[in-house]
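Structure first, commentary second.
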Amino acid sequence: MPLSALRGSLRLPPGCRGPLLAGVRSYATAQAASSAATATESQRKPLFDKILIANRGEIACRVIYTARKLGIKTVAVYSEADANSMHVRLADEAYLIGGAAASESYLRADKIIDVVRRSGAQAIHPGYGFLSENAGFTDQLASAGITFIGPPSAAMRSMGSKSESKRIMQAAGVPVVPGYHGDNQDAGFLKQQADEIGYPVLIKAVLGGGGKGMRIVERREDFEAMLDS
């Protein structure tokens, strides 16, 4: 409804009309700006025309669905065991990269990079697992001029080390759980540090991931055995 029609239909005291009409104008302006922003967003060209998804299963399918909404073509890779998987059928292109074992396929950076070149993909989305946290892989992609959709290798190396990531957080003023992450790894010294922290304590491997190398020590007398396990 135009403002002139709205003004004619209102029966308000003179002092109320100005604020109300100002509010209506503000709302109309905001709506117009929102519509313009939506139109601009829908017309924006995606960063890539085609990406390769270096993964399989549910995560690969999710990336494909999102890429499709953005107008980006997708390239799937698959092992011999995954030839009939959903992500292979959904992607615009699919390439066999090796045997059923991940070490023969999804962990073979050389084969994945070869598919990027053959398919004309401009970037790689790693999903999670496999090569997604491999800093060496991101270095290889950078050398080959291929974009990695994820953090830079320097960030991976820093955050992949529990001791280094903790130092970074402390330097940034982020609260961290009390603990020791120094270079002295003598068993007696570590037990002394555990005594100062207080039990229970959690022993963690510096470069462990997915819970590997983690041991909960409830009592002081169990520390050495848990450290050696």
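The values are calculated or read from the model by the stated rules, or taken from the named source; none is laboratory data. Please read these numbers as outputs of a predicted model, since none were measured by experiment. Note that each Cβ is placed from the backbone with ideal geometry, even for glycine, and that neighbours are counted across all protein chains shown.
Structure notes:
- Segment 72-130, residues that are touching a strand residue (DSSP E or B) at 6+ places or on another chain (Cβ under 7 Å), in contact (Cβ under 8 Å) with a residue 60 or more places away in the chain and farther than 10 Å from residue 52 by Cα: 127
- Test: residue in segment 112-122 that is surrounded by 20 or more Cβ atoms within 10 Å (Cβ to Cβ) and among the small types (Gly, Ala, Ser): yes
- Considering (1) in contact with a Pro (Cβ under 8 Å, 6 or more places away or on another chain); (2) among the hydrophobic types (A, V, I, L, M, F, W, C); (3) within 30 Å of residue 62 (Cα to Cα), the lone condition that residue 216 does not fulfil carries the number (3).
- Answer residue from segment 206-226, given it is touching a residue at least 24 places away in the same chain (Cβ under 8 Å) and in contact with a Lys or Arg (Cβ under 9 Å, 6 or more places away or on another chain) and is farthest from residue 164 (Cα to Cα) among those: 220
- Whichever residue in segment 173-187 is surrounded by 14 or more Cβ atoms within 10 Å (Cβ to Cβ) and not hydroxyl-bearing (Ser, Thr, Tyr) and, among such residues, is modelled with the lowest pLDDT: 181
- Just one of the numbered conditions (1) assigned to a loop (DSSP other than H, G, I, E, B); (2) surrounded by 11 or more Cβ atoms within 10 Å (Cβ to Cβ); (3) in contact (Cβ under 8 Å) with a residue 12 or more places away in the chain is not true of residue 190: (1).
- Lone unmet requirement of (1) outside any loop (DSSP other than H, G, I, E, B); (2) over 30 Å from residue 177 (Cα atoms) for residue 165: (2)
- In segment 149-161 there is at least one residue that is free of Cβ contacts under 8 Å to residues at least 60 places away in the same chain, over 19 Å from residue 59 (Cβ atoms), assigned by TED's automatic domain parsing to the domain that holds residue 60 and outside any helix (DSSP H, G or I).
- Residue within segment 137-146 that is touching a Phe, Trp or Tyr at 6+ places or on another chain (Cβ under 8 Å), of a type outside the set (Ser, Thr, Tyr) and exposed (fewer than 15 other Cβ atoms within 10 Å of the Cβ) present: yes
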